[in-house]
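The values are calculated or read from the model by the stated rules, or taken from the named source; none is laboratory data. All values derive from a computational prediction rather than experimental measurement. For neighbour counting, all protein chains shown are included, and Cβ atoms are generated from backbone atoms with ideal geometry for every residue, glycine included.
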């Protein structure tokens, strides 16, 4: 690990611990206090990445983000986008694996922010519970953004696509626009690695897919759009 990467990791986890400890007060306050804290952390993380890690970010297509309830399907290559997304949307609700909710302190904020943990071992039952919970959240408080990593886990740049059909069933059940997002974060902060490469991450926000499509048609379309974008950005970063 380079000295810069080591400094970045120390600063990241130390500051995260401080923010969560100081922010314990929001656990007894209305939920929007916790969301404000989370958004400010996401913006701080982007700043930390730039000033300490040497990783800049360029957002393309911000004008494609529609107001109101929204399903967001994001390519997942790195831990970087998980933190960044907190500051990108007004009221994000993450679909995440249940194990994260059991982490001391961190899990308390997951529940306070009303994210939706999912137990993958429940199979079809998990998807039914997920759709119900997402429907409840997406129409709460003026409309939230449901954030999903359709492949379920981080994938290295250029790896064969491995999308789960659950994203199509969720799209069908929520009946709201779906915003596809491509990115190239894995080129600068690879998965399962502490090595970082200075440069510019690009977040490509694509035009929303309208509700009402056949779920098979949607499933093909969302994959094609995210993969085409992410592969193009990978080539761009390599150059």
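Of note:
- Wholly enclosed strands (runs of 3 or more DSSP E) of segment 1-103 bearing at least 1 residues farther than 28 Å from residue 141 by Cβ: 55-60
- Conditions (1) crowded, with 17+ Cβ neighbours inside 10 Å; (2) modelled with pLDDT of 90 or more; (3) closer than 27 Å to residue 49 by Cα; (4) out of contact with any strand residue (DSSP E or B) (no Cβ under 8 Å at 6 or more places or on another chain); number of the one not met by residue 190: (2)
- Restricting segment 120-131 to residues that are in contact with a strand residue (DSSP E or B) (Cβ under 8 Å, 6 or more places away or on another chain) and surrounded by fewer than 19 Cβ atoms within 10 Å (Cβ to Cβ), the residue that is nearest to residue 9 (Cα to Cα): 120
- In this structure, residue 219 does satisfy being surrounded by 15 or more Cβ atoms within 10 Å (Cβ to Cβ) and over 17 Å from the mean Cα position of the chain (by Cα).
- Matching residues, segment 132-186, being assigned to a helix (DSSP H, G or I), without any contact (Cβ under 8 Å) to a residue 40 or more places away in the chain and either buried (at least 20 other Cβ atoms within 10 Å of the Cβ) or out of contact with any strand residue (DSSP E or B) (no Cβ under 8 Å at 6 or more places or on another chain) (or both): 132, 135, 136, 140, 166
- Scope segment 208-230; condition touching a strand residue (DSSP E or B) at 6+ places or on another chain (Cβ under 8 Å) and under 27 Å from residue 56 (Cα atoms); matching residues: 208, 222, 225, 226, 227, 228, 229, 230
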